[in-house]
Amino acid sequence: MKLFAQHGFGEGEKINEGLRDASISGVVFGPKDIAPDRLPERLSELRTSFPTASVLFDPQYYASLLGTNPNIRLGNLEDYPYFRLSRRSQMESSERVGEALRECLAYQVGLPLNGIIAPNILISRSFDSVEAVIAKNFLRQSGSVFRVVGDARPVYATLAVSQQALLDPSELQSFLNDITLLDSPPNGFYLLIATSSSEARTELFNADVIAAWLLLNYTLKLAGFEVINGYSDRLSPFLGAVGGDVGCTGWFNTLRTFSLERFAPSGTGGRLPIQRYLSKRLLNRITHIELDSLRNLFPELVNGLQHDSDYTNGEPPRNREVLQSWEAVAGLLKEMTNSDTDGNLVRCELAVTNAASIYTRLAAAGIRLDARSNSEHLEPIREGIQIFKELAEL
Amino acid sequence: MKLGSIAPGEVQMGGLDFVAYSEEFLAGEDLRKLIQANARPSEVELRQLLTCLLKAIRELWSLPGRFIHRDIKPDNGMRLPDLSRPFVLLDLGIAFSVFDTPLTFDAQNRMPPGTFRYLAPEMLQLDFRETLDFRSDVYAAGLTVFEFAAGQHPLARNREDLLTTLSRIAKETPKALKDFRPDLAPWFCQTVDRMLKKLPALRPANLDAIIARLEENA
């Protein structure tokens, strides 16, 4: 599995440095945070400096149904020629879906991208809903419309689903039966799992949601599709273990967990978040303060990788945290996704068991961690793998 | 399957209309008899059988009406002493088109038509008419190859009642082919096992790719 940067506000030199480090091998750009006149220039820069990097563009069309919110915050997205706010009832028309696809794909065809991500809306509640019918219409037409556009690059259909919709496995299975047998299939899927907020860790770290996300990767890969997981962050290694081809993550929480909340008005004020260190062995991020106080007692928390040095003198510079994160996720990908599914799942389960054992030792030593640094992610992952195995008949 | 010398035509008998035709005479043995005779087919033969079945499924699905055979089983497979046509799939009697004809229903047993030991799990769902596709035939083809290879059905037992068998089809994980035939190539056994998954989305659907691999290794 490869790791791509999930582009967002405040790119700076982060993506260039990640590509230079070879911890990431591509980028998914997001139009909200880059102006349409700057995008071609930036893509050309990347093409010149990093010719082997894969560059994609998420059209963020799922924001088009947010028009009822008067305070919607679209950033640069509304300046892109293919984007327009719509009502759901308009999208119920197959012609409108075809038109949206043509406009969006034609725009991207003119850019130096490695593949084209087709637009779609978010299935926000259930696979048995009007939104799901519209989304399926987008999926059905993505391949055929792109072939009319006549471009040799791969096309990826966006499949954006809320965690709530994933909670019913029988609906998910019916949906999978449908989308694995499309008449004019795309080359792959750009998969997004949405939570109500990028801070809603418990929504994502839910055994049923993790199992469903794994099943989507496994089934789509078996059916011959490439699977790109947007905003998958530290779940990427698990998704890669069952067939996912790409995972993505970025430098803010809003680029690590997918939520339409990022198009909502932001709260005013607030302090900068505490910088964190992604420990491969914990499968979690701890604060740099926790790292400082634990590194001698529990040296296994340290990854032993290049960007550890950014954390040796207390809080690292703000632009280094993401480089450390990419490096750690890339390290986990190497360890957990280099065998067949059965072998990878054994490694995944072992990684969870080992992490739980370290947390137990931390607790035994009387160490209390910050709420986001604790072990609450482990049980949902462990149970999610078990549920996945049942659903995938493994 | 080919028609014989009498082309399809309408005939009246006893005041009723019939379509009459003859079928090609095939001098071979059906797979059921071979299984009962404890035949232990070679991997080459099994690959040929799977290739023939998948090609038939692909051919039916490629027709404009999207046809499904619906009754693939050892009784409807015949081995011929002809290298150019080693196996033949018979009896399209209950084949149907997804788009053109409604599915028939066995009102007496309240069951979809077919042979219950070879029904794909999705055929047991109430809404199967809406969702059926060629992957149900892929499932039955997997069962047929498994039974021919192993000498026994991976789920059903002899002399067990209908409901028990249907319950096994719906819920029980089939045995793995390699447990019966460790001499066969692992990829071949895995392919057959995958054809028997309960969820159609988990079955191999790229028939061209499987056929190519089967022929590559022939």
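The values are calculated or read from the model by the stated rules, or taken from the named source; none is laboratory data. None of these values were measured; they are calculated from a predicted model. Backbone-built Cβ (ideal geometry, glycine too); neighbour counts: all protein chains shown. Each accessible area value is taken on the protein alone, full model and side chains, heavy atoms only, with ligands, DNA and RNA left out. Shrake-Rupley method; radii C 1.70, N 1.55, O 1.52, S 1.80 Å.
Can you name the condition, by its number, that residue A:51 falls short on among (1) of a type outside the set (S, T, N, Q); (2) in contact (Cβ under 8 Å) with a residue 40 or more places away in the chain; (3) assigned to a loop (DSSP other than H, G, I, E, B)? For residue A:51, the failing item is (2).
Quick grid of which residues meet (1) in contact (Cβ under 8 Å) with a residue 24 or more places away in the chain; (2) open to solvent by 10 Å² or more (accessible area, probe 1.4 Å); (3) more than 22 Å from residue A:386 (Cβ to Cβ); (4) assigned by TED's automatic domain parsing to the domain that holds residue A:154:
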position: A:225; (1), (2), (3), (4): yes, yes, yes, yes
position: A:230; (1), (2), (3), (4): yes, no, yes, yes
position: A:236; (1), (2), (3), (4): yes, no, no, yes
position: A:242; (1), (2), (3), (4): yes, no, no, yes
position: A:245; (1), (2), (3), (4): yes, yes, yes, yes
position: A:253; (1), (2), (3), (4): yes, yes, yes, yes
position: A:256; (1), (2), (3), (4): yes, yes, yes, yes
position: A:286; (1), (2), (3), (4): yes, no, yes, no
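Can you say whether residue B:178 is over 30 Å from residue A:185 (Cβ atoms), of a type in the set (D, E, K, R) and in contact with a Pro (Cβ under 7 Å, 6 or more places away or on another chain), as far as the supplied structure shows? Criteria met by residue B:178.
How many residues are open to solvent by 20 Å² or more (accessible area, probe 1.4 Å) and over 20 Å from residue B:125 (Cα atoms) when one looks only at the stretch B:186-209? The total comes to 10.
Residues in the stretch B:177-189 that are touching a residue at least 12 places away in the same chain (Cβ under 8 Å) and either over 15 Å from residue B:148 (Cα atoms) or in contact with a Phe, Trp or Tyr (Cβ under 7 Å, 6 or more places away or on another chain) (or both) were compared, and the one that is nearest to the other protein chains (Cβ to nearest Cβ) is B:187.
Residue B:173 meets the stated requirement of being among the hydroxyl-bearing types (Ser, Thr, Tyr), closer than 28 Å to residue B:45 by Cβ and assigned to a loop (DSSP other than H, G, I, E, B). Counting the residues of the stretch A:166-207 that are within 14 Å of another protein chain (Cβ to nearest Cβ) and aliphatic (A, V, I, L, M) gives 5. Whenever a residue of the stretch A:160-173 is in contact (Cβ under 8 Å) with a residue 24 or more places away in the chain, its partners that are of a type in the set (Phe, Trp, Tyr), lying with C-beta atoms within less than 6 angstrom and at least six residues away or across chains, give the pairs A:160/A:62; A:165/A:127; A:171/A:127.
For residue B:205, state whether it is in contact (Cβ under 8 Å) with a residue 12 or more places away in the chain and either away from every other protein chain (no Cβ under 14 Å) or assigned to a loop (DSSP other than H, G, I, E, B) (or both). Quick ask: steps written out before the conclusion?
Values: in contact (Cβ under 8 Å) with a residue 12 or more places away in the chain: yes; either away from every other protein chain (no Cβ under 14 Å) or assigned to a loop (DSSP other than H, G, I, E, B) (or both): yes.
Against the criterion (in contact (Cβ under 8 Å) with a residue 12 or more places away in the chain and either away from every other protein chain (no Cβ under 14 Å) or assigned to a loop (DSSP other than H, G, I, E, B) (or both)), residue B:205 qualifies.
Here the condition is being more than 11 Å from every other protein chain (Cβ to nearest Cβ), at pLDDT 90 or above and surrounded by 15 or more Cβ atoms within 10 Å (Cβ to Cβ); of B:149, B:156, B:212, it holds for B:149 alone. Looking at A:271, A:320, A:256, just one residue is of a type in the set (Lys, Arg) and touching a Ser or Thr at 6+ places or on another chain (Cβ under 8 Å), and that residue is A:256. State yes or no: is residue B:183 outside any loop (DSSP other than H, G, I, E, B) and open to solvent by 20 Å² or more (accessible area, probe 1.4 Å)? So residue B:183 fails the test.
Restricted to the stretch B:159-170, and to residues there that are in a helix (DSSP H, G or I) and open to solvent by 10 Å² or more (accessible area, probe 1.4 Å), the residue that is farthest from the other protein chains (Cβ to nearest Cβ) is B:162. When residue A:313 is tested against (1) away from every other protein chain (no Cβ under 14 Å); (2) assigned to a helix (DSSP H, G or I); (3) surrounded by fewer than 17 Cβ atoms within 10 Å (Cβ to Cβ), exactly one condition is not met: (2).
One line per residue, one yes/no per condition, for (1) more than 30 Å from residue A:161 (Cβ to Cβ); (2) over 24 Å from the mean Cα position of the chain (by Cα):
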site	(1), (2)
A:262	no, no
A:279	no, no
A:296	yes, yes
A:320	yes, no
A:358	yes, yes
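Pairing each residue of the stretch A:377-394 that is at positive phi and at pLDDT below 95 with any residue that is assigned to a helix (DSSP H, G or I) and surrounded by 15 or more Cβ atoms within 10 Å (Cβ to Cβ), provided the two are 6+ apart or on different chains, yields C-beta distances under 7 Å for A:393/B:202. Of all residues in the stretch A:1-34, those satisfying the criterion of being within 17 Å of the chain's Cα centre (by Cα), more than 23 Å from residue A:79 (Cα to Cα) and surrounded by fewer than 24 Cβ atoms within 10 Å (Cβ to Cβ) are A:2, A:25, A:26.
Does the stretch A:227-234 contain at least one residue that is within 14 Å of chain B (Cβ to nearest Cβ) and under 20 Å from residue A:7 (Cβ atoms)? Spell out the reasoning first.
We begin by selecting, within the stretch A:227-234, every residue within 14 Å of chain B (Cβ to nearest Cβ); these are A:227.
Okay, now just the ones that are also under 20 Å from residue A:7 (Cβ atoms), so A:227.
The answer is yes; a qualifying residue exists.
Looking across the stretch A:222-277, the residues that are touching a helix residue (DSSP H, G or I) at 6+ places or on another chain (Cβ under 9 Å) and of a type in the set (D, E, K, R) come down to A:226, A:233, A:234, A:245, A:256, A:261, A:262, A:276.
Have a look at A:278, A:305 and point out the one that is modelled with pLDDT of 95 or more, within 25 Å of residue A:236 (Cβ to Cβ) and surrounded by fewer than 18 Cβ atoms within 10 Å (Cβ to Cβ). Talk me through it step by step, then tell me what you get.
Working: A:278 fails: surrounded by fewer than 18 Cβ atoms within 10 Å (Cβ to Cβ).
Step by step, each of A:278, A:305 is checked, and only A:305 is modelled with pLDDT of 95 or more, within 25 Å of residue A:236 (Cβ to Cβ) and surrounded by fewer than 18 Cβ atoms within 10 Å (Cβ to Cβ).
Restricting attention to the stretch B:1-21, the residues being surrounded by 10 or more Cβ atoms within 10 Å (Cβ to Cβ), out of contact with any helix residue (DSSP H, G or I) (no Cβ under 9 Å at 6 or more places or on another chain), modelled with pLDDT under 70 and assigned to a loop (DSSP other than H, G, I, E, B) number 2.
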